[in-house]
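> Sharing a structure below in structure tokens format, with a few things to ask.
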């Protein structure tokens with residue numbers, strides 16, 4: 001498996017460094033890939049450049065198409081011009097697995113659910129997500145939705161962008177002390193292009209949470 005075949009420019013990656021309880025995880029993107037070097041945008045922690053030293057070991061994770069990939073490597077060098085970057089050594093081994101699970105983060109995104117009601121009729125419920133992943137979302141609503149219900153979802157991920165996907169309710173639990181319902185929704189019939197866009201939103205929220213501490 002050649003690294004150039006699975007990593008490309010602007011690919012989002014997750015990078016972990018440090019040991020034990022002091023390990024840190026943040027996100028970055030690929031700037032360039034050659035036979036012996038992977039160049040990534042400078043990752044940030046709490047608004048500051050990540051303290052990655054030459055020779056330090058890091059773990060990189062990313063997904064593409066229907067696979068997850070991960071590998072261990074070391075920092076080759078740092079550079080500041082024309083933009084701050086980290087150069088990583090190309091790994092000797094790359095691990096892959098089927099993309100069945102997705103990184104899930106707490107993310108408050110405005111959502112509108114359109115649900116079938118009477119024959120030929122629909123009703124809408126507006127709310128916010130509690131967490132989000134490339135595979136689905138969790139929201140808390142005032143009313144229950146029957147498990148197995150298919151619905152349409154509009155997610156306002158920014159003032160300029162709305163993502164529309166189909167979903168299916170896979171969980172509906174009563175939160176007794178607040179009389180609300182915890183609703184888990186799985187995305188269905190979703191294209192990889194749309195899923196990748198959602199994953200980029202997830203990584204954006206992950207980066208924000210890491211930078212804010």
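Derivation of every value follows stated rules applied to the coordinates shown; laboratory data play no part. Just so we're clear, the structure is a prediction, and the values are computed from it rather than from any experiment. Note that each Cβ is placed from the backbone with ideal geometry, even for glycine, and that neighbours are counted across all protein chains shown.
> Quick one: angle between helix 192-211 and the longest Cα principal axis of the chain, in degrees between 0 and 90, rounded to 10, please.
Computed tilt is about 70 degrees.
> How many nm is it between the label spots at residue 128 and residue 36, if each spot is 7 Å from the Cα in line with the beta carbon?
The answer from the label model is 5.1 nm.
> I would also like to ask the following. Can you tell me the convex hull volume per residue for the range 105-211, based on C-alpha atoms, in Å³ to the nearest whole number?
That works out to 110 Å³ per residue.
> Normalised radius of gyration for the range 3-98, please: alpha carbon Rg relative to 2.2 N^0.38 Å, two decimal places.
Dividing the Cα radius of gyration by 2.2 N^0.38 Å gives 1.01.
> In whole Å, what are the extents of the chain along the principal axes defined by its C-alpha atoms, from largest to smallest?
Principal-axis extents of the Cα atoms in the chain, largest first: 62, 35, 32 Å.
> Relative contact order, percent, of the chain when contacts are C-alpha pairs under 8 Å separated by at least 6 residues?
It comes to 15 percent, rounded to a whole number.
> Follow-up. Compute the length gained on full extension between residue 194 and residue 24: take 0.36 nm times their separation in residues and subtract their Cα-Cα distance, giving the result in nm to one decimal.
Once the chain is fully extended between residue 194 and residue 24, it gains 58.3 nm.
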